Amino acid sequence: MQRHYVPLLYLILAVTQSAISFKLSAKLNEDAVDLALLFEKFWSLKPHAFEKTTPINVCPFIDRCCSNEHRRAAMSTWIFAIFGEVDKRPTFDQVLNKCMNSTLAKDSIESCPSIETILLPDLTKHDQSDMKLFMYTISDYLLQLNQIFIPAINTCTDEEIHAYICLTNTTLVTQCVERILHGMYDMIGYESYDEFINEIRKNVLNLIVKLYTSTNGERQPK
């Protein structure tokens, strides 16, 4: 009789593991959706001046001025220009050339920002002051932010990184964050993971509040 229990035990074990795996997957997805929205909110609060400077001012150029054929190459070069080894990084004009060599529709050409505007941004003293204030405000939170940002470089696709920096696609950002969280869970286990999620959520929320406060009410929550 005992041997008849063995298949049943295996079946129960398999069902239990499947249920645990499903529950974990649902939690990771829920956490990823939440964190992706928080990180997007934080990044959306950067001063407009950042959108005048590289690498962010290259976003509309890639999105509007690259043909489908050349967009992926331009995006990959752009990301390497941001995160690659310092002495091996391409220049941003090399990124632009990936698109300029492509065949563009007339209306696309007319909607493209000029290369001079991208490479030689016109920053005012007020712009520079806003950027310094933003960097000062986030300086106390860099350690927590980098717990997501640093793994993203090696974990996320070019499309996903572009989606976050350029704030173009929340679904892609969520996919990126979910893979990072999965790796974090595998590395530190449930209890430490739960503490990590609660801590980083609290810190990003606090940072968002500080950014609202630092702008003296100029930006209103959406």
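In a shell of Cβ-Cβ distance under 13 Å around C156, excluding C156 itself, what net charge do Lys and Arg (+1) and Asp and Glu (-1) give? Write down the numbers at each step before the final one.
Values: positive: R179; negative: D158, E159, E160, E178.
Once all neighbours under 13 Å are counted, the net charge is -3.
A Förster radius of 22 Å combined with the Cβ-Cβ distance from R201 to T117 puts the calculated FRET efficiency at roughly 0.05. Protection proxy ranking, highest mean first, for peptides 137-149, 66-78: 66-78, 137-149, where packing is the per-residue count of other beta-carbon atoms within 10 Å, averaged.
From least to most packed, judged by other beta carbons within 10 angstrom and beginning with the fewest, T157, T124 follow the order T124, T157. Cross-link check: pairs K52/K98; K46/K132; K88/K132; K46/K98 evaluated at a Cα-Cα cut-off of 22 Å; pairs beyond the cut-off: K88/K132; K46/K98.
Per-residue Cβ neighbour counts within 10 Å put R201, R179 in the sequence R201, R179, beginning with the fewest.
What ranking of D186, D31 emerges when the number of other C-beta atoms within 10 Å of each C-beta is taken as an exposure proxy, fewest first?
Working: D186 9, D31 22.
Arranged by neighbour count, lowest to highest, D186, D31 become D186, D31.
A simple spin-label model places the labels of T53 and K88 2.6 nm from each other, with each point 7 Å out along Cα-to-Cβ.
Every number in this text was worked out from the coordinates using simple rules, so none of it is lab data. In this text, all values refer to a predicted model and were calculated from it rather than measured experimentally. In this analysis, Cβ positions are derived from the backbone assuming ideal geometry, glycine residues included, and neighbour counts consider all displayed protein chains.
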